[in-house]
Amino acid sequence: MSAIILYMAGLAAIAGWWLSQQRLAAKPWLEEGVIADSRGEALPSAKVGLGVFLAVAGSLFALLISAYSMRINMADWRTLPVPRLLWFNTGVLVVSSVALQWAYMAARRNDLEDVIVGLLAGGASAVTFLIGQLLIWQQLNVTGYFLASNPANAFFYLITAAHGLHLIGGLVALGRTTAKVWRGVEMIRLRLSVELCAIYWHFLLLVWLVLLGLLTGWTDDFVDICRRLLT
Amino acid sequence: MAVAIILLLVAVASVLFHIYSPWWWTPIASNWRYIDDTINITFWITGAVFFAVIAFMAYCVFRFHHKEGRRAAYNPENKKLEWWLSIGTGIGVAAMLAPGLIVWHQFVTVPADATEVEVMGQQWQWSYRLPGKDGRLGTSDARHVSSENPMGLNLDDPYGKDDVVIQDDLHLPVGKPVKVLLRSIDVLHDFYVPEFRAKMDMIPGAVTYFWFTPTRTGTFEVLCAELCGVAHAQMRSKVIVQEEREYHAWLEKQRTFAELSEQRGVAKAAYKADSE
Amino acid sequence: MVDIPYQEVTGIPPAEVADVELYHPRSWWTRYVFSQDAKVIAVQYSITAMAIGMVALVLSWLMRLQLGFPGTFSFIDPSQYLQFITMHGMIMVIYLLTALFLGGFGNYLIPLMVGARDMVFPYVNMLSYWVYLLAVIVLAATFFVPGGPTGAGWTLYPPQAILSGTPGQDWGIVLMLASLILFIIGFTMGGLNYVVTVLQARTRGMTLMRLPLTVWGIFTATVMALLAFPALFVASVMLLLDRLLGTSFFMPTLVEMGQQLKYGGGSPILFQHLFWFFGHPEVYIVALPAFGIISDLISVHARKNIFGYRMMVWAIVAIGALSFVVWAHHMYVSGMHPYFGFFFATTTLIIAIPTAIKVYNWVLTLWRGDIHLTVPMLYALAFIITFVNGGLTGLFLGNVVVDVPLSDTMFVVAHFHMVMGIAPIMAVFGGIYHWYPKVTGRMLNEALGKFHFWVTFLGAYAIFFPMHYLGLLGVPRRYHDIGETAFIPASAHDLNAFMSVAALIVGFAQLVFVFNMIWSLMKGKEAGGNPWGATSLEWQTPETPPGHGNWGKELPVVYRWAYDYSVPGATRDFVPQNEPPAGLMAQGVHP
């Protein structure tokens, strides 16, 4: 359970930092009148909402990682060969994330055409990624790595599915954002939508890289090296 | 007024119930008297806190309930009082935790001279196995379970051949520490003898353990304390704690795994011969 | 801690929070059924939760009938008994208490108490309810599928939960897990709303330290729930895969009824870790809103500010954080590494300190108060008694070695019913009697309320206090019948019969409550806007029940904390949060 504990510790640090800005040591009964709130004017609710959601999704993935790292120690674990397509897919996901970042930057300079290009490129590459993931599943199935034949396989399918479903959810949001462009929503609101999509995509990319490290066994090697350095 | 009295009565009745309750733990039959002592300490501390809090509350209700013209005092906080209460609570908690951890340390430290006994749970019965002359239990795995080998012993393991497989209740010599090795071949179970105080879940695919020393002779009931399906409540057996001499007399009569498999083999052959 | 200086702002900062868009219903359907108004959603959540809770209540009668008079009722067999305990536990903990505190009280009170017009994402909030309702329907459907609901115990421990030795193996367990997954999805939608609303939509002047403790409790509990429920989600999905597709996440090599199954290598302990990583915070997810509600009830009805407000806030935050590092105290005898026991016993007993502080502050609030023994106040007092009782027995079970003999006995059952069954229910009832006038505009009948209170409180106490002693004796939990057991005296059976009779009486008293709710809706005394003379914002709405958008033309401005009761020098014994200080009043500002 160390992954989730570390994750929670990270969140606790953020929450603690935020709380420390909130004058929790104030004596409210002595303070009559209107108090200027330290609330940031700048943050729109949707962005805060996304932040909270990412914390929740992150905890889901941290738990999956925890479960993975506990289960891997059992005797029956047979590591899966890493499909080569996985690298291609990773590249596509990076492209997708970059495209959305580009769209966001375009939105900031009010360049509607570039926004459209960025959104479409991001969406298309995300769909490519999903198709690639399905192809990997199919390849694994053909070569006999079925879901139930080994826990390593089961975790591979489960984790990629969890990540893929989050991306599909993201595509829905991306679709709605693109529709907003079509409807000609004013730039200031569009900018926020594009930004939220970009943030979500970066989050999913980050999660994917962590998961990739886990599934390919790099994380294990890394932890091993750290352990050796410490002892 | 009436409310205050009822609140106080709840506290008083709880304490009286505790003192006069005919339902109390079973007479202990193992070395874990310390566990009972820790429970007693906890009862004293928590009982005192419980009574104090409720009595204080009842007094407040009695003394400060609404009357025409009463106005509440204005008192946002009292740092000193709050700190003292926190420190007092901390001390009380430490007074319960410290003995608890000390006894837990004993609980998880198995003495070197403890003899091993294996208890196996399955839906919904208990089986027992003792190490044979070599003093070691053979390995086992749920994969090996069959009608000839109900406990799933590893046939290739030489240590397993002379293991004593008990087909009835478990007998234990009094005064000798025992390390109880627990395993299951299907679901979670829990080997539970109230008089021994100690218990532990049994997990399929793993071996768990606890240890204790039986301190008095007698027959004790074994129950299952982890939900294991429909007949959970009927999963019973007995542990009979005996004097050393009687125990050995009983042990003499038990058969080893090798003997039993041979016998089963013969029986099977005879059955086959009959049916042909 | 950064000390940001207190700034007095003389003028009033302008208007509302800009980015909250209020949805305006256009038809009867969007106003009352597919409503995006948090107040309507709150009522929908509450009614659904209470309806399914009634089912769980009936199940508890059946269980008590079986335990009190074993063998008398031929229609209850062992497997049904297991189904009853499972469904009773699951419904009460998740579908009733979690949904009612967060979905019910949270939805109603958060926007009103922080001075918002609605939740920040009303559409998602509406979806949250409908997904919850779907989860409840799937859950209820398990009563009608072949094989009936699962009988795996509310903990759903594998391997037992998905094997054929447990009732409901075909459909029951599958639907149960599906329902939990739905519940978590629905809750996450709602939870995002509650958290972001508290963060973003507080009205002018409403700093965190001016929030009523109810909001603090619900807010912290929601944050915890958002982070803890994913553990149950992961566990449910993995268990579902084990059951349906034959994976071996949790399933070891095993032989069932002489048959080798195709599972192998999995770890049942892994499930327990995931389950309790959710399960322990869950206890506080139910407890923290209750803490908050009780703090406010005591303060209002004792006409006195809550004693040690700051300490109360810090304690809530501390409990919320600590409760994520105590989960394995449910697993002392699970066979996990014994050295974990030292760590988890220590963290568990440490959490007792902030909890104790809260109790002290409640009773110290009563000290030199002006205690009105209204029905909400009675419930608050009963909450303290039952919570202190259950909390203290928690010190037995949290102290690892003491837990060894007591785990899996009726002592545990008594403990958790007292601390997270009866105590939170006392808070729920107290809360309902307190806020019903705001929701409906009418008071609940007081005589019926007092009758309901005394029967419920004394009856429930009479069930669960003696139950501890059956556990001490060694009676295991989840036994449909103790049967012939040498160490259990005949008197224990009499005690069981007594508890069963008490349970039936308590159960029937709830009908009085339901009657009172319905009757008062039409015939209750008109409440007016602020019948209790309370300071917090929900009592200061221009209309009662609050109208669409809560606040009429302009949002309230908050000038003080939520506990200005019996302030020296003030004319009334309460000063509403939105009442301007004398200086501003002179400038012509009005609440």
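A residue that is of a type in the set (Ser, Thr, Tyr), more than 7 Å from chain C (Cβ to nearest Cβ), closer than 30 Å to B:Pro131 by Cβ and not in a helix (DSSP H, G or I) cannot be found anywhere in region B:34-52. Taking the criterion of being touching a Pro at 6+ places or on another chain (Cβ under 8 Å) and within 13 Å of another protein chain (Cβ to nearest Cβ), the residues of region C:128-164 that qualify are C:Gly147, C:Gly148, C:Thr150, C:Gly151, C:Tyr157, C:Pro158, C:Pro159.
Any residue in region B:80-87 that is within 22 Å of C:Phe383 (Cβ to Cβ) and either surrounded by 18 or more Cβ atoms within 10 Å (Cβ to Cβ) or in contact with an Asp or Glu (Cβ under 8 Å, 6 or more places away or on another chain) (or both)? There is at least one residue in region B:80-87 that is within 22 Å of C:Phe383 (Cβ to Cβ) and either surrounded by 18 or more Cβ atoms within 10 Å (Cβ to Cβ) or in contact with an Asp or Glu (Cβ under 8 Å, 6 or more places away or on another chain) (or both). Within region B:91-143, the set of residues being small (Gly, Ala, Ser) and under 19 Å from the mean Cα position of the chain (by Cα) comprises B:Gly100, B:Ala114, B:Gly121, B:Ser127. Selection of region B:63-72 for residues being surrounded by fewer than 16 Cβ atoms within 10 Å (Cβ to Cβ) and either touching a helix residue (DSSP H, G or I) at 6+ places or on another chain (Cβ under 7 Å) or not in a loop (DSSP other than H, G, I, E, B) (or both) yields only B:Arg63.
Based on this model, can you work out whether A:Leu50 counts as farther than 24 Å from C:Pro268 by Cα, in contact (Cβ under 8 Å) with a residue 60 or more places away in the chain and assigned to a helix (DSSP H, G or I)? Considered against the rule, which asks whether it is farther than 24 Å from C:Pro268 by Cα, in contact (Cβ under 8 Å) with a residue 60 or more places away in the chain and assigned to a helix (DSSP H, G or I), A:Leu50 comes out as yes. Among the residues making up region C:29-50, those that are touching a residue at least 12 places away in the same chain (Cβ under 8 Å) and within 20 Å of the chain's Cα centre (by Cα) are C:Ala38, C:Lys39, C:Ile41, C:Ala42, C:Val43, C:Gln44, C:Tyr45, C:Ser46, C:Thr48, C:Ala49, C:Met50. C:Ile505 meets each of the listed conditions (1) in a loop (DSSP other than H, G, I, E, B); (2) modelled with pLDDT of 90 or more; (3) hydrophobic (A, V, I, L, M, F, W, C) apart from (1).
Going by the structure shown, is C:Ala492 part of a helix (DSSP H, G or I), hydrophobic (A, V, I, L, M, F, W, C) and within 13 Å of another protein chain (Cβ to nearest Cβ)? Here the answer is yes, as C:Ala492 does meet what is asked.
Could you tell me which of the residues A:Ala26, A:Ala15, A:Ala103 is over 27 Å from A:Phe156 (Cα atoms) and surrounded by fewer than 19 Cβ atoms within 10 Å (Cβ to Cβ)? Exactly one residue qualifies, and that residue is A:Ala15.
Each residue in region A:43-67 was checked for being buried (at least 16 other Cβ atoms within 10 Å of the Cβ) and over 18 Å from the mean Cα position of the chain (by Cα), and 3 of them qualify.
Taken across region B:120-130, residues that are farther than 26 Å from B:Leu227 by Cα and part of a loop (DSSP other than H, G, I, E, B) do not occur at all. Within region A:106-117, the set of residues being assigned to a loop (DSSP other than H, G, I, E, B) and surrounded by 15 or more Cβ atoms within 10 Å (Cβ to Cβ) comprises just one member, A:Asp111. Of the helices (runs of 4 or more DSSP H) lying entirely inside region C:42-155, those carrying at least 1 residues that are farther than 25 Å from C:Gly430 by Cα are C:78-90, C:122-141. Inspect region B:145-164 for any residue being aliphatic (A, V, I, L, M), within 26 Å of B:Ala29 (Cα to Cα) and in the same structural domain as B:Lys199 (by TED's automatic domain parsing) and give the result as yes or no. There is at least one residue in region B:145-164 that is aliphatic (A, V, I, L, M), within 26 Å of B:Ala29 (Cα to Cα) and in the same structural domain as B:Lys199 (by TED's automatic domain parsing).
Tell me whether region C:291-307 contains one or more residues that are assigned to a loop (DSSP other than H, G, I, E, B), aromatic (Phe, Trp, Tyr) and in the same structural domain as C:Gly369 (by TED's automatic domain parsing). Yes, region C:291-307 has at least one match.
Condition check ((1) in contact (Cβ under 8 Å) with a residue 12 or more places away in the chain; (2) over 22 Å from B:Arg197 (Cβ atoms); (3) in contact with a Phe, Trp or Tyr (Cβ under 8 Å, 6 or more places away or on another chain)) across all residues:
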| site | (1), (2), (3) |
| --- | --- |
| C:Met443 | yes, yes, yes |
| C:Phe451 | yes, yes, no |
| C:Thr456 | yes, yes, yes |
| C:Leu470 | yes, no, yes |
| C:Tyr479 | no, no, no |
| C:Ile482 | yes, no, no |
| C:Phe508 | no, yes, no |
| C:Ile518 | no, yes, no |
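Please indicate, with yes or no, whether at least one residue in region A:77-88 is facing chain C (nearest Cβ under 7 Å) and at negative phi. For region A:77-88, residues facing chain C (nearest Cβ under 7 Å) and at negative phi: absent.
Residues that are free of Cβ contacts under 8 Å to residues at least 60 places away in the same chain, away from chain B (no Cβ under 13 Å) and in a helix (DSSP H, G or I) within region C:239-272 comprise C:Leu241, C:Leu245, listed in sequence order. Take C:Thr166 and tell me if it is over 29 Å from C:Arg210 (Cβ atoms) and surrounded by 22 or more Cβ atoms within 10 Å (Cβ to Cβ). Against the criterion (over 29 Å from C:Arg210 (Cβ atoms) and surrounded by 22 or more Cβ atoms within 10 Å (Cβ to Cβ)), C:Thr166 qualifies. Across region A:118-146, the number of residues qualifying as surrounded by 15 or more Cβ atoms within 10 Å (Cβ to Cβ) and either modelled with pLDDT of 90 or more or among the hydrophobic types (A, V, I, L, M, F, W, C) (or both) comes to 18.
Residue-wise test of (1) in contact (Cβ under 8 Å) with a residue 40 or more places away in the chain; (2) more than 30 Å from A:Ile72 (Cβ to Cβ).
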position: A:Leu171; (1), (2): yes, yes
position: A:Arg176; (1), (2): no, yes
position: A:Lys180; (1), (2): no, yes
position: A:Val194; (1), (2): yes, yes
position: A:Cys197; (1), (2): yes, yes
position: A:Gly213; (1), (2): no, no
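Reported count of residues in region B:193-242, each being in a loop (DSSP other than H, G, I, E, B), of a type in the set (D, E, K, R) and more than 7 Å from every other protein chain (Cβ to nearest Cβ), is 2. Tell me yes or no: at least one residue of region B:26-41 is surrounded by 17 or more Cβ atoms within 10 Å (Cβ to Cβ) and more than 26 Å from C:Asn399 (Cβ to Cβ). No, because not a single residue in region B:26-41 is surrounded by 17 or more Cβ atoms within 10 Å (Cβ to Cβ) and more than 26 Å from C:Asn399 (Cβ to Cβ).
Residues that are within 11 Å of chain C (Cβ to nearest Cβ), out of contact with any helix residue (DSSP H, G or I) (no Cβ under 6 Å at 6 or more places or on another chain) and either in contact (Cβ under 8 Å) with a residue 60 or more places away in the chain or not hydrophobic (A, V, I, L, M, F, W, C) (or both) within region B:103-119 comprise B:His105, B:Gln106, B:Thr109, B:Val110, listed in sequence order. The set of residues in region C:533-568 that are under 22 Å from C:Lys304 (Cα atoms) and of a type in the set (Lys, Arg) contains only C:Arg560.
The values are calculated or read from the model by the stated rules, or taken from the named source; none is laboratory data. Note that the structure is predicted; figures quoted are calculated from it, not measured. Every residue, glycine among them, receives a Cβ derived from its backbone with ideal geometry; neighbour counts consider all protein chains shown.
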